1. Could you tell me which numbered condition Thr214 fails, if it satisfies all but one of (1) out of contact with any helix residue (DSSP H, G or I) (no Cβ under 7 Å at 6 or more places or on another chain); (2) closer than 16 Å to Leu308 by Cβ; (3) within 12 Å of the ligand (Cβ to nearest atom)?
2. Taking only segment 24-42 into account, find how many residues are closer than 25 Å to Asp65 by Cα and in contact (Cβ under 8 Å) with a residue 60 or more places away in the chain.
3. I need the full set of residues from segment 260-294 which are of a type in the set (D, E, K, R) and touching a residue at least 24 places away in the same chain (Cβ under 8 Å), in order please.
4. Can you tell me how many residues within segment 120-135 are in a loop (DSSP other than H, G, I, E, B) and on the phi < 0 side of the Ramachandran plot?
5. I need the full set of residues from segment 148-175 which are within 13 Å of the ligand (Cβ to nearest atom) and either open to solvent by 20 Å² or more (accessible area, probe 1.4 Å) or among the aliphatic types (A, V, I, L, M) (or both), in order please.
6. What about Thr292, is it of a type in the set (Ser, Thr, Tyr), within 25 Å of Gln221 (Cβ to Cβ) and within 12 Å of the ligand (Cβ to nearest atom)?
7. For segment 302-330, what are the residues that are loosely packed, with under 13 Cβ neighbours inside 10 Å, outside any helix (DSSP H, G or I) and at pLDDT 95 or above?
8. Do we find a residue being modelled with pLDDT of 95 or more, out of contact with any Gly (no Cβ under 9 Å at 6 or more places or on another chain), closer than 30 Å to Pro151 by Cβ and among the small types (Gly, Ala, Ser) anywhere in segment 3-25?
Amino acid sequence: MKASADHHVLVTGGAGFIGSHTVDVLMARGCRVLVVDDLSTGYMANLARWRDHPRLTVLKADITDDLAGHLKHATASMGPLDRIIHFAAQTAVPLSVDDPANDIRVNLGGTAQVLEYARRNGIAKIVFASSSAVYDDDAPVPVSEASLARPASPYGISKLSGEFYLDYYSRYFGLKFTALRFMNVYGPRQDPKSHYSGVISIFMDRAVTGAPITIFDDGEQTRDFVFVTDVAQAVVGACLDNRGDGEIINIGTGLEVSVNLIARTILELAQSNSPITYAPARVGDIRRSVTTMDKATRSLGFVPQVKLREGLDQTLAWVRAEAVSVSSSV
Ligand code: UD2
């Protein structure tokens, strides 16, 4: 087996929220890393700690637009790639509902380009960022990988289709893969200003600024919140350590937490007086979501390290620092 330092890993979407934390782990393990990101929702600031590092190359490019051409150029100087982690995607479920064709173009079209590149260039393994959006509200709770995948959104359909493509490339061309279905990932670098951001980032932004927090529905709906650095470890384990080959695995914590509890805890940690208001349920929102952990534990040796309170503390510290840096730059 190669040492980590011998690997050259392509991370599509590597300037994004989960992508940039994954780059942190790969760099810490001594890999050479090539990031391809169109910076539509990612930020160069997410990779600032590696600026000018000789093992990191960042290419601003759209994966749906001649990916092979862009990579040919980059690998001519940096050497061939041997692994791929594929995050680049249109990540907002509501946008996929408004414009399914664009979701197909970016998420499925982009995945097709990445897989063709992998096949033609002898890539040893690809890790695909899938989503718990492949399950709908009828799935049993807790949801396991054996539960019926029947997406309730175009986003879920394109992620599930990506998994089928991986299976096809694996069976017919021998490409090794792992698909990870993320539950609700949270942590530093999740854009707090975006409408499409995760509930934790949105609530923290409001708590810090004193703005009202809106809870949709009665707030007793639940999610499985997993901290981003734990997710990055799972991704890199699958990529470099040959874990979970040929498998589709849910990545969460196995703990079911209500939105009301999240709101209360954030207000307490931030010592905030933001008022809470309730609004009608969002269309398409699922009521309960939490995963079983058996497969992630067995196949990846995955044990989440960051407890919810600790993760919320770290996220809050980041949201506060961002608020300061934004206000001092205007
Ligand atoms: C998450 C992912 C999505 C997909 C899905 C899989 C994010 C941002 N989205 O969607 O990509 O993988 O899981 O099922 O991670 N809420 C409020 N107030 C707010 C915002 C949200 O009450 O201001 C509620 C919302 O109604 C929902 C819960 O918080 O019940 C979580 O919402 P979310 O947008 O963070 O994530 P989710 O589960 O819809």
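The values are calculated or read from the model by the stated rules, or taken from the named source; none is laboratory data. These figures come from a predicted structure and were not determined experimentally. Glycine also receives a Cβ, built like all others from the backbone with ideal geometry; neighbour counts cover every protein chain displayed. All accessible areas refer to the heavy atoms of the entire protein, side chains included, with ligands and DNA or RNA removed. Shrake-Rupley method; radii C 1.70, N 1.55, O 1.52, S 1.80 Å.
1. Only one criterion in (1) out of contact with any helix residue (DSSP H, G or I) (no Cβ under 7 Å at 6 or more places or on another chain); (2) closer than 16 Å to Leu308 by Cβ; (3) within 12 Å of the ligand (Cβ to nearest atom) is unmet by Thr214, namely (2).
2. Residues meeting the conditions: 1.
3. Arg282, Asp285, Arg287, Arg288, Asp294
4. 4
5. Selection gives Ala149, Arg150, Pro151, Ala152, Pro154, Tyr155, Ile157, Leu160.
6. No; evaluated as a whole, the condition is false for this residue.
7. Matches in segment 302-330: Val303, Gln305, Lys307.
8. No; the residues of segment 3-25 include none that is modelled with pLDDT of 95 or more, out of contact with any Gly (no Cβ under 9 Å at 6 or more places or on another chain), closer than 30 Å to Pro151 by Cβ and among the small types (Gly, Ala, Ser).
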